[in-house]
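Below you'll find the structure, written out as structure tokens, and then a few comments.
The values are calculated or read from the model by the stated rules, or taken from the named source; none is laboratory data. Keep in mind that this is a model prediction, so the values were computed, not measured. FYI the Cβ positions are ideal-geometry reconstructions off the backbone, even for glycines, and counts take in every protein chain you see.
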Amino acid sequence: MRRSGAAGALLLIVLLAGCTPGGSEPTREVAGSEQSRVATPDAGAERGRAGGRTGAAVVGQTVYVPVYSHIYFRDEEREVDLAATVSVRNTDPEYSITVTTVQYYDSGGHLVRQYGEETVVLPPLSSQAYVVEEEDRTGGVGANFIIEWEASAQVSPPITEAVMISTASTQGISFVSRGEVVRSFGEVGGERTHTE
């Protein structure tokens, strides 16, 4: 009797775990069976209005994320091309955030491309990825992303980071760079930040 009760409870947990909670966005399938939110230039996971403040925001940040389209090894003549994945991760377990701007700049500070013309809403604990392909060398070794986000409630700040990777020949290289906040408005994560 105890075994059938435990088996029934386990079955119920498995069935409930497979349900999508109301109000959160399901992910879309990318690269076979892997579930992820990946954006390409001029495409967003959830459509909203054009970038910039929505008017209801009480908190937000502008984040600088360093990325590398290639790096040098041994000397300035030898280079390794890198694929870069920039990830914005909503760390708040209760509230959504809205990504309003995602821009890719080259080493000279010139805008290379805008990712999506509309906002992307990230439900609690979800993430969004932006990819620069390995063959794309337009950014250079000093490339960066500028990411702006906002929320209508005080939230914990998202994690923004870039993962660069190359698997040329029989060797592989990968490393991570974290985003750095360059502007804030409102209270982020319970700490007082500068107000514009």
Legend entry - Scan of segment 73-96 for residues that are of a type in the set (A, V, I, L, M) and under 16 Å from the mean Cα position of the chain (by Cα), ordered by number: Ala83, Ala84, Val86, Val88
Inset, instruction - Scan segment 120-130 and give yes if some residue there is of a type outside the set (D, E, K, R) and in contact with a Leu (Cβ under 7 Å, 6 or more places away or on another chain), otherwise no. - result: yes
Inset, instruction - Could you look through segment 85-119, keep only residues that are in contact with a Leu (Cβ under 7 Å, 6 or more places away or on another chain) and in a loop (DSSP other than H, G, I, E, B), and pick out the one that is nearest to Ala153 (Cα to Cα)? - result: Ser96
Legend entry - Among the residues listed as Arg113, Arg137, the single one being in contact (Cβ under 8 Å) with a residue 12 or more places away in the chain, basic (Lys, Arg) and closer than 21 Å to Val80 by Cβ: Arg137
Inset, instruction - Mind telling me which of the residues Gly140, Gly116 ends up being buried (at least 20 other Cβ atoms within 10 Å of the Cβ), on the phi > 0 side of the Ramachandran plot and at pLDDT below 95? - result: Gly116
Legend entry - Sole exception among (1) touching an Asp or Glu at 6+ places or on another chain (Cβ under 9 Å); (2) surrounded by fewer than 20 Cβ atoms within 10 Å (Cβ to Cβ); (3) touching a residue at least 40 places away in the same chain (Cβ under 8 Å) for Ala129, by number: (1)
Inset, instruction - Enumerate the pairs (first residue in segment 166-189 and more than 25 Å from Ala83 (Cα to Cα); second residue anywhere and of a type in the set (A, V, I, L, M, F, W, C) and in a loop (DSSP other than H, G, I, E, B)) with beta-carbon separation below 6 Å, excluding pairs fewer than 6 apart on the same chain, so at least 6 apart or on different chains. - result: Gly186/Val58
Inset, instruction - For segment 130-159, enumerate the residues that are under 14 Å from Thr100 (Cα atoms) and in a strand (DSSP E or B). - result: Tyr130, Phe145, Ile146, Ile147, Glu148, Trp149, Glu150, Ala151
Legend entry - Count of residues meeting criterion [modelled with pLDDT under 95, in contact with a strand residue (DSSP E or B) (Cβ under 9 Å, 6 or more places away or on another chain) and among the acidic types (Asp, Glu)] in segment 151-196: 2
